[in-house]
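Right, one structure below, let's go through it.
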Amino acid sequence: MGLDMDPMFLAWSYFRRRKFQLCADICSQLLESNAYDQAAWSLKTRALTEMVYVDEVDVDQEGIAELMLDDSAIAQIARPGTSLKLSGISKAGGPSPAVRPMSQSGRPITGFVRPGTQSGRPGTMEQAIKTPRTAYTARPVTSASGRFVRLGTALFEYIFHHENDVKTALDLAALATEHSQFKDWWWKVQIGKCYYRLGLYREAEKQFKSAFKQQEMVDTVLYLAKVYIRLDQPLTALSLFKQGLDRFPGEVTLLTGIARIYDEMNNIVSATEYYKDVLKQDNTNVEAIACIGSNHFYSDQPEIALRFYRRLLQMGVYNCQLFNNLGLCCYYAQQYDMTLSSFERALSLAVNDEEVADVWYNLGHVAVGIGDMNLAYQCFKLALANNNGHAEAYNNLAVLEMHKGHHEQARGLLQTAAALAPHMYEPHYNIAALSDKVGDLQSSYIAAQKSAAAFPEHVDTQQLIKQLQQHFAML
């Protein structure tokens, strides 16, 4: 004869095994028989929260409103090296845009997609209005998870994450802080999180600073750094992280935060140093391995990059992006036997059209390298068939059309590329070169100026502008 398990114990067991729906169902049954059971209420709110829980430290998404109505900027044009919005060439040894491509939002490609790095181009208006709630992070659950002992804290998390009602969550947190006579650091952090979500960054900063004075926690440093990054003050965020490292030596999340900022400012040397420090503390950190590999690749060391990507493969990372990178490294390291098989594997693992497009685009590069222009043409066409907004593919397809002498088709493709990615210098330079070739000097000069604005140190653009100025002087 079997013994029935206590329902509350069974619900807790489901929660521990991350079967949150089953846990919530049992709690609902318990509450039907006793509506005042605080343990069941607490566990149910936690289970429902965990279903949509997002680690607020990692997830960040700038919507259209934040981009268009940014009132936190002090100056219209920030000084070089003080802003994340200027992705110019770093004087500290970052590779130029000629070597290291930019993402769709105009930032240098980092080698590791993070929730915040794709900001700047929200897919739809609806996406921009909604706050991110369903993303999952690879980061371990933060210290906040150890606080769900009372019903009040579980209720706050439920309102904040599950209901996404920031205003009500803020009211609850304010009452709780008052009740604790402003001596509870945890509630101050929660108020800071609510202010951050509401776009009140300076108020959030005050709350996080006050919480950190009461209780020094890594999470509070990370939240405060997020505020400074949103205010576009990377240097303040860097000094904050470094102060945090004095209190918490070797803390991986703080080291990663510093490395990310250097990476986004295109200071590759410093970023790599900090990613190496991350690996000293945690030698299985995927982000650090991927970013160091990427930096070696763009520093013209594909053989070393290959070692880092192979390490990821040994660790069990098995996705389209990894095989895509392996294929490129093998090609540039002249290991041709592995190149095509890596790209084939990448195509078979691609989960969406954008990934398929990237693989075909890289295969197009390989085809250009071996001199098979027909194959290259087909590859770039396939890239565009899968992702109609692939600016680089439009640009390269236009270059192939120029070689065939099809100037009008090339011009149309280049204008599309320039419209899709105005921060890229290549389409503007190619339009300038094409206009110069057909004798349209005025159009050539305008396009060359745009190319120079996107990449001031591009030698060919400078030479073309000089030639055009000489032509105009002779007229």
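The values are calculated or read from the model by the stated rules, or taken from the named source; none is laboratory data. Everything numeric in this text was worked out from a predicted model, so none of it was measured. No Cβ is skipped: glycine too gets one built from the backbone with ideal geometry, and neighbour counts run over all protein chains shown. Side chains are part of the model used for accessible areas, which takes the heavy atoms of the whole protein and leaves out ligands, DNA and RNA. Shrake-Rupley method; radii C 1.70, N 1.55, O 1.52, S 1.80 Å.
Annotations for the structure displayed:
- Per principal axis, descending, Cα span of the stretch 321-436 in whole Å: 41, 28, 22
- Here the stretch 188-333 is assigned +1 on the Cβ of each Lys and Arg and -1 on the Cβ of each Asp and Glu. Its dipole about the Cα centre then comes out at about 480 debye.
- Think of the stretch 386-475 as having a plus end and a minus end, set by charges on the Cβ of Lys, Arg, Asp and Glu; of Pro456, Leu434, Leu413, Leu434 sits farthest toward the positive end of this dipole.
- Cα-based shape type of the stretch 241-349, given that a ≥ b ≥ c are square roots of the gyration tensor eigenvalues and the cut on a/c is 1.5: prolate
- Exposure ranking of Asp184, Asp282 by accessible area [1.4 Å probe, largest first]: Asp282, Asp184
- Accessible area ranking (1.4 Å probe, heavy atoms, ligands and nucleic acids excluded), largest first, for His296, His407: His407, His296.
- Gyration tensor verdict on the stretch 177-232 (Cα atoms; rounded if a/c is under 1.5, prolate if a/b is larger than b/c, oblate otherwise): oblate
- Measure of compaction for the stretch 149-252 (Cα Rg per 2.2 N^0.38 Å): 1.08
- The lysines within cross-link reach of Lys450, meaning a Cα-to-Cα straight distance under 29 Å and a gap of 8 or more places when in the same chain, are Lys85, Lys91, Lys381, Lys404, Lys437, Lys466.
- Local electrostatic count, Phe323, Cβ distance below 14 Å [Lys/Arg +1, Asp/Glu -1]: -1
- Proximal lysines to Lys188, defined as alpha-carbon separation beneath 19 angstrom and excluding residues fewer than eight positions away on the same chain: Lys167, Lys206, Lys209, Lys213, Lys226
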